[in-house]
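These notes concern the structure reproduced below.
The values are calculated or read from the model by the stated rules, or taken from the named source; none is laboratory data. Source: prediction; values computed, not measured. FYI the Cβ positions are ideal-geometry reconstructions off the backbone, even for glycines, and counts take in every protein chain you see. Surface areas here come from the heavy atoms of the whole protein model, side chains and all, with no ligands, DNA or RNA. Shrake-Rupley method; radii C 1.70, N 1.55, O 1.52, S 1.80 Å.
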Amino acid sequence: MTSPTSISIVRPVAALALAAVAAGCSRVREGVRDVVERPLTPHARYARSLERAGLDSTALGREWLAAADTVLRAAHAVTLPHREAGAYVRDEARAVGWRVSLRDGERLVARVRTQGERTTLFVDAFEVEGDTLAAFAHRATATEDSATGELVLRLEAARSAPHVIRLQPELLRAGRYDVELRVEPTLAFPVPAVGPAAVQSFWGAARDGGARSHEGIDIFAPRGTPVVAVVSGTVRSTSPNRLGGNVVWLADGTRPQTLYYAHLDRVIAVAGQRVEVGDTLGFVGNTGNAMSTRPHLHFGIYRGGVGAVDPWPFVRPARGEPAAVRADTTVLGARAELGSAAAVRTAPEDDAVVVRRAAARAPVRIVGAAGRWHRVQLADGTAGYVPSAVTRRVVTGDATR
């Protein structure tokens, strides 16, 4: 596997120039913001190279460029964590996309492993800001992990919004990939001795008879339990106040936000102190207006220009393990037909939206596998998931065409 930052376009461009049949000239749109922004992403540089070589006027070249745009709005809505195996073939210029919901404070991690001939896979993440093509704002590109050879993409959500992860190989390549999409917190947990199960009061809960709402989370623990820095940063203040009692204000050294620790029994951090993740700031108590409650830490996050934000997504643990791929992966890339009529769904879930009802014996290409589902592409280009049991009638199994 080659790094997307060191892509060589000579072989695919030359091969396409010889193999593709020229059609009417049609310049590529410049709507997606990863194409028009600077610096260009590896995917955008490759697209520009096709244009400069005049290959955007060939059938396969136009198909590749169009697929990159189309898949953004047609991405499969999946629930994280998600694992999927897939294949790409020489005679088709395809892209695949997954649409996920991210909350402010969460980090998306995508890992892609490849099999087959050396090729470049472009893996990019976009924040969805609207319905037009220009509303897909590029946020991150996967790079190769030198230790594992995997492509790894990491993205911290700038706000709560849908995001699309797009995967597309360079032209005239065949191979397989395994992708794993996970979400994890961006901050450590502030009371590691008890963990997330100790959170018993969440953001928005009524306070003072409904006069105000809770601007944080409460983590209950025995008095004296250590409270730690959840990020590297600088202690801004340790001055007590009426509501919070003994408190610590910690400026996040990476993000424009300040972390608030309240009701501490005792504080050992001092203003101006530089701390690292895991350093003890103080100890759980019930000072301030918490004297009538059991000892706990009130933990809050305040962001400049915004105010308080829900801290739970920032510290909530990762959401378990993705479902294992149980569908047959030996048929990936193969042409097949459905053994019975089937609903083609937007996601590998029984209650996912049905995008098409396909008749028995409908021809399909099996392009992916997730859980007990196959992702298929119909003859008209529609893509979606069907139970793998209905794709048993494979008519060709050559995934290297």
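Values for this structure:
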{"item": "Charge dipole magnitude, Cβ of K and R +1, D and E -1 - the chain, Cα centre, debye nearest 20", "result": "380 debye"}
{"item": "Backbone HN-Hα couplings from phi across the stretch 293-306 [Karplus 6.51/-1.76/1.60, Hz, Gly and Pro as x]", "result": "10, 5, x, 6, 9, 8, 10, x, 10, 10, 10, x, x, 10"}
{"item": "Förster radius 60 Å - calculated FRET efficiency between Y302 and T330 (Cβ-Cβ, nearest 0.05)", "result": "0.65"}
{"item": "Among E51, E276, E127: highest mean-square fluctuation, GNM of the chain, C-alpha pairs under 10 Å", "result": "E276"}
{"item": "Euclidean distance between Cα centres, the stretch 109-154 to the stretch 312-343, Å", "result": "19 Å"}
{"item": "Estimated [θ] at 222 nm from DSSP helical runs (n ≥ 4, -39500 (n - 2.57)) normalised by residues in the chain, nearest 500", "result": "-3000 deg cm²/dmol"}
{"item": "Cut-off under 5 Å, modelled amide H: who pairs with S340 long-range", "result": "R361"}
{"item": "Three-way shape call for the stretch 87-159 based on the alpha-carbon gyration tensor, with the a/c threshold at 1.5", "result": "oblate"}
{"item": "Simple Cβ-charge dipole of the stretch 254-401, Lys/Arg +1 and Asp/Glu -1, about Cα centre, in debye nearest 20", "result": "480 debye"}
{"item": "M291 paired with E156, simple spin-label distance in nm, labels 7 Å along Cα-to-beta-carbon", "result": "3.8 nm"}
{"item": "Per-residue HN-Hα couplings for the stretch 107-113 [Karplus 6.51, -1.76, 1.60; θ = phi - 60°; Hz; x = Gly/Pro]", "result": "10, 8, 10, 10, 10, 10, 10"}
{"item": "Distance between modelled label sites at A134 and S146, nm, 7 Å Cα→Cβ extension", "result": "4.0 nm"}
{"item": "Qualifying trypsin sites (Lys or Arg not before Pro) in the stretch 213-258, DSSP loop, other Cβ atoms within 10 Å at most 11", "result": "R242"}
{"item": "Amide H partners (placed H, <5 Å) of H374, local residues excluded", "result": "V386, S388"}
{"item": "The stretch 63-112 - percent of accessible surface contributed by carbon and sulfur, probe 1.4 Å", "result": "46 percent"}
{"item": "Amide hydrogen neighbours beyond the local backbone of H76, cut-off 5 Å, H modeled", "result": "G97, W98, R99"}
{"item": "Table column - 3J(HN,Hα) (Hz), the stretch 80-86, Karplus curve with 6.51, -1.76, 1.60, x for Gly and Pro", "result": "7, x, 9, 10, 8, 9, x"}
{"item": "R266-V109 FRET efficiency (beta carbon distance; Förster radius 35 Å; 0.05 resolution)", "result": "0.45"}
{"item": "Where the chain is the region considered: accessible area per residue in Å², 1.4 Å probe", "result": "42 Å²"}
{"item": "Residue-span extension gain [T70 to A389] - 0.36 nm each, minus C-alpha spacing", "result": "112.0 nm"}
{"item": "Dipole of the stretch 259-356, positive direction: furthest Cα of A324, A347, M291, with charges on the beta-carbon", "result": "M291"}
